[in-house]
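The values are calculated or read from the model by the stated rules, or taken from the named source; none is laboratory data. For clarity, every value in this text was computed on a predicted model and none was experimentally measured. Cβ sites come from the backbone with ideal geometry, for glycine too, and all protein chains shown count toward neighbours. Note: accessible area is taken over every heavy atom of the protein model, side chains too, but ligands, DNA and RNA are not part of it. Shrake-Rupley method; radii C 1.70, N 1.55, O 1.52, S 1.80 Å.
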Amino acid sequence: MNERVIPLVDERTRAKPVRVLRAQAALPPVGDSVQDLLARPLKDLRISVTDRCNFRCSYCMPKEVFNAQYTYLPQKALLSFEEITRLAGIFVALGTEKIRLTGGEPLLRKNLELLVGQLSALKTPSGQSIDLTLTTNGSLLAKKAALLKAAGLNRITVSLDALDDRVFKAMNDVDFPVQDVLDGIEAAKAAGLGLDDDGHFSGIKINMVVKKGTNEQEILPMARFFLNQGLTLRLIEYMDVGSTNGWRMQEVMPSSDVLALLQTEFDLVPLPTAHRGETAKRFGFVNSSGQADSARGEVGLISSVTQAFCGDCSRARLSTEGLLYLCLFASEGHDLKSLIQSNASAAEIAQSVAQLWRKRSDRYSLLRAQDLSLAADPQTPAQGKKRVEMSYIGG
Ligand code: SAM
Ligand code: SF4
Ligand code: SF4
């Protein structure tokens, strides 16, 4: 690997979770009542814990842009773990049930397991634990898996775009080998991450971005490999997120083609939607009696380009520096950091977040489906402002 891993030190990580839980308790539960203009609830929060990454995936942080001259956020601009947890507690009080830690590469954030420990203590208004997960490129997972599990992480998504080293190294663009990511996945399994009550690893997902002309030949080998382990392989259409990846529709392989390819080798049956707002269309592998067999794993198709799923999108995104984005394709965030650093009470902050969500009408992918020129012009969404990068607000 050519890139140097720069651990991010957060001196403020030893904050006591007590204050967080108190702030949460002070809020009246508001359940499902926080809905946006399209009647979508605020169920899902993605939190970016760093804008840095040790990979340079061409579809996300192309080397030409994210080079030595690129300015990342300074350490002091980052939300502390305590601030993140206080905000997360407020979202949970407003109805959020699922939190995903992301980035950049989240495992570069030093002592991330402390944040995991704090977040895993949050409870929904009805007293349920939240569904806490993390998306990682897997490069540091072998080192971190056991710590994360011990801190309360139950599920994990690992990104891997190919099993062929040559293809994978070209895509991560830092010469990172496949085997190290596979070792990370093995470490996650050994730590019991993603293990369900049936003894299957249904809580481990593998994200593969499919870029036509680059890695579609890896789809079947990836399915063969992960199927045997009973994991979930999610095949993601290459998206026009941000403004730096030079996206072209010709490089998108529609999920319908991906499915057709998989069906040349596997017997797949559609699985019911697990919950509203689910991004993937799920398919199970059938056993010899023709039934979907969870022990054999599943495939999820994420068709953000060809079959937009904005209608049920319940996802908010919190950037590393505390800006709230209401859509992956937004150009502007709303400053929650100033609020959390002011004397505003938890109830006041909750009120502000609820107000922002109630005014939300974002549905970029649906609009792009009607007018592809939106994708060609990354400045379209908000009067000449560039769309935010995925490495900044997370996937
Ligand atoms: N660094 C971590 C990782 O790669 O898993 C977490 C952050 S990354 C931005 C989150 C997810 O977004 C990854 O699975 C990545 O493959 C996906 N992603 C990034 N850019 C994308 C694009 N242009 N189209 C589709 N998915 C993308
Ligand atoms: Fe880094 Fe993840 Fe983006 Fe790849 S997709 S450059 S691993 S943040
Ligand atoms: Fe949600 Fe925006 Fe993606 Fe639509 S385009 S699914 S609103 S994040």
- Message: Using protein chains only and a probe of 1.4 angstrom, how many square angstrom of residue 173 are accessible, to the nearest 10?
- Response: 50
- Compute the whole-percent fraction of alpha carbon pairs in the chain spaced more than 29 Å apart. 41
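Using only the Cα atoms of segment 237-395, build the gyration tensor, take square roots of its eigenvalues as a ≥ b ≥ c, and label the shape rounded, prolate or oblate: rounded if a/c is under 1.5, else prolate if a/b is larger than b/c, else oblate.
It is oblate, given that a/c is not under 1.5 and a/b is not larger than b/c.
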- Task: Towards the positive end of the charge dipole of the chain, with charges on Cβ (+1 Lys, Arg; -1 Asp, Glu), say which of 37, 55, 65 has the farthest Cα.
- Result: 37
- Note on the structure: Reported to the nearest 10 Å², residue 275 has, with a 1.4 Å probe, an accessible area equal to 90
- Query: If we count every other residue with Cβ under 14 angstrom of residue 365's Cβ, Lys/Arg +1 and Asp/Glu -1, where does the sum land?
  - Reply: 0
- Message: If I model a spin label as a point 7 Å beyond the Cα along the Cα-Cβ vector, how far apart are those points for residue 279 and residue 345 in nm?
- Response: 3.6
- Where Lys and Arg each count +1 and Asp and Glu each count -1, what net charge lies around residue 142 among other residues with Cβ under 12 Å from its Cβ? 0
- Message: Please give the Cα centre distance for segment 77-102 versus segment 264-334, rounded to the nearest Å.
- Response: 22
- Message: With unit charges on the beta carbons (Lys and Arg positive, Asp and Glu negative) and the dipole taken about the Cα centre of segment 237-276, which residue among 258, 246, 268 sits farthest to the positive side?
- Response: 246
- So what does residue 239 come to for accessible area, using a 1.4 Å probe and Å² rounded to 10? 30
- Provide the percentage of antiparallel DSSP beta bridges, counting only those with both residues in the chain; round to the nearest 5. 35
- Report the charge-dipole magnitude of the chain in Debye, nearest 20, computed about the Cα centre from +1 at each Lys and Arg Cβ and -1 at each Asp and Glu Cβ. 1140
- Item | Part-to-part distance (alpha-carbon centres) for segment 157-195 and segment 350-374, which is given in Å | 33
- Query: Once the Cα atoms of segment 189-301 are picked out, what are the Rg and Dmax in Å?
  - Reply: 14.8, 48
- Item | Residue list for segment 221-263, given a label point 7 angstrom along the Cα-to-Cβ vector of residue 198 and an amide N cut-off under 20 Å | 223-235
- Calc'd 3J(HN,Hα), segment 39-54, phi into Karplus 6.51 cos²θ - 1.76 cosθ + 1.60 (θ = phi - 60°), Hz, glycine/Pro = x, comes to 6, 9, x, 9, 9, 9, 10, 9, 10, 8, 9, 7, 9, 9, 8, 8
- Query: By the scheme Lys and Arg +1, Asp and Glu -1, what is the net charge of all other residues having a beta-carbon under 14 Å from that of residue 352?
  - Reply: +3
